[in-house]
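**Q** Next up is a structure, given as structure tokens.
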Amino acid sequence: TPRVEKNVTDPYAKPTRAPLTMVTNEYYLEGTLNKLEDAVLKTYSPNIIHAVKHVKFFPLFGESCIKNGIPCYGDNSDATYFAAFPEHALKDNQFYVIIGVDHMRSSTGAIYSSIVVGSTSKLLGIDNFNSIEHMESSSSSYLDIHHEHRDSVYAMTLRRDCTNHDFCMEIGNGLLGLPDEEPPFFIFRTYLHKDGSVGAPELSLLKDRLFFVDPESNRKSTNAKGDKLAHKS
């Protein structure tokens, strides 16, 4: 029997990524977001022991996944991602406060935006807080009706127990929960925009802000190394 050499197929060429584009930006909301931050600091001081002013841009480039035979994540430009990996685990009645722009109700006109909280050790997204079901009116606990653009920003908390707390994500510690000693991670996603087929570019969006609150502490707000606390800093 004659020997037939196997046909070797060249790897798929890396596709060209559609650029993130946006003709507007959210800078007009910065004053409102700063006022919301001031209200959070006033509400929880002196129990805020750690704060991350801005989350970081979290680019996902999945074009090489087919070539490398691995699962594809972030393989197109339909969304813009930011991420935060804070250092504090949730114990007892400690909690996180997360504030930011509701991109669905801003000038970007995103189809929706969401926050996913998850476990690094389990590679698991555990719960989410999104612009369609949860964000609307959430900043009203801190900003009264006289604040312009109040409805374009959101405020929520992440707790082990959300009893008697509105606009709250509850995260357990069981099989599908977050281990007691593990800090959560946060992924922020802005999906598409109403006038296009791609997500908004990084610099057109105002980034979300995180604060860690320990009701049992009694200290001035402090910064983790490398972090800026408030917009005043």
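The values are calculated or read from the model by the stated rules, or taken from the named source; none is laboratory data. Just so it is clear, the model here is predicted, and its values are computed rather than measured. Note that we place each Cβ from the backbone using ideal geometry, even for glycine, and neighbour counts take in every protein chain shown. Protein only, heavy atoms only, side chains kept; ligands, DNA and RNA dropped before computing areas. Shrake-Rupley method; radii C 1.70, N 1.55, O 1.52, S 1.80 Å.
**Q** Conditions: (1) free of Cβ contacts under 8 Å to residues at least 60 places away in the same chain; (2) outside any strand (DSSP E or B); (3) open to solvent by less than 20 Å² (accessible area, probe 1.4 Å). Val198 meets all but one. Number of the miss?
**A** Of the numbered conditions (1) free of Cβ contacts under 8 Å to residues at least 60 places away in the same chain; (2) outside any strand (DSSP E or B); (3) open to solvent by less than 20 Å² (accessible area, probe 1.4 Å), the odd one out for Val198 is (1).
**Q** If Arg160 meets every condition in (1) at positive phi; (2) buried (at least 17 other Cβ atoms within 10 Å of the Cβ) apart from one, which number is that one?
**A** Result: Arg160 passes all but (1).
**Q** Exactly one condition in (1) among the aliphatic types (A, V, I, L, M); (2) in a loop (DSSP other than H, G, I, E, B); (3) under 19 Å from the mean Cα position of the chain (by Cα) is false for Leu203; which is it?
**A** (2)
**Q** Still on this model: Given Ser114, Ser131, which one is among the hydroxyl-bearing types (Ser, Thr, Tyr), surrounded by 16 or more Cβ atoms within 10 Å (Cβ to Cβ) and closer than 19 Å to Leu20 by Cα?
**A** On the way: Ser131 fails: closer than 19 Å to Leu20 by Cα.
Result of the check over Ser114, Ser131: Ser114.
**Q** Is it fair to say Glu5 is open to solvent by less than 70 Å² (accessible area, probe 1.4 Å) and modelled with pLDDT under 70?
**A** In short, no.
**Q** Then there is this: Of (1) touching a helix residue (DSSP H, G or I) at 6+ places or on another chain (Cβ under 9 Å); (2) not in a loop (DSSP other than H, G, I, E, B), Gly118 satisfies all except one. Which?
**A** It fails just one condition, (1).
**Q** To continue, here is another question. Can you name the condition, by its number, that Pro184 falls short on among (1) at pLDDT below 95; (2) under 27 Å from Val101 (Cβ atoms)?
**A** Among (1) at pLDDT below 95; (2) under 27 Å from Val101 (Cβ atoms), the lone unmet condition for Pro184 is (1).
A quick yes/no check of all residues on (1) within 21 Å of Val213 (Cβ to Cβ); (2) surrounded by fewer than 19 Cβ atoms within 10 Å (Cβ to Cβ); (3) modelled with pLDDT of 95 or more:
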{"position": "Ala79", "(1), (2), (3)": "no, no, no"}
{"position": "Ile99", "(1), (2), (3)": "yes, no, yes"}
{"position": "Thr120", "(1), (2), (3)": "no, yes, no"}
{"position": "Leu124", "(1), (2), (3)": "no, yes, no"}
{"position": "His147", "(1), (2), (3)": "no, yes, no"}
{"position": "Gly172", "(1), (2), (3)": "yes, yes, no"}
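**Q** Still on this structure, please answer the following. Residue check: is Phe167 under 17 Å from Glu87 (Cα atoms), of a type in the set (A, V, I, L, M, F, W, C), modelled with pLDDT of 90 or more and open to solvent by 20 Å² or more (accessible area, probe 1.4 Å)?
**A** So Phe167 fails the test.
**Q** When you check Lys42 against the structure, is it open to solvent by 30 Å² or more (accessible area, probe 1.4 Å), outside any strand (DSSP E or B) and modelled with pLDDT of 85 or more, yes or no?
**A** Considered against the rule, which asks whether it is open to solvent by 30 Å² or more (accessible area, probe 1.4 Å), outside any strand (DSSP E or B) and modelled with pLDDT of 85 or more, Lys42 comes out as yes.
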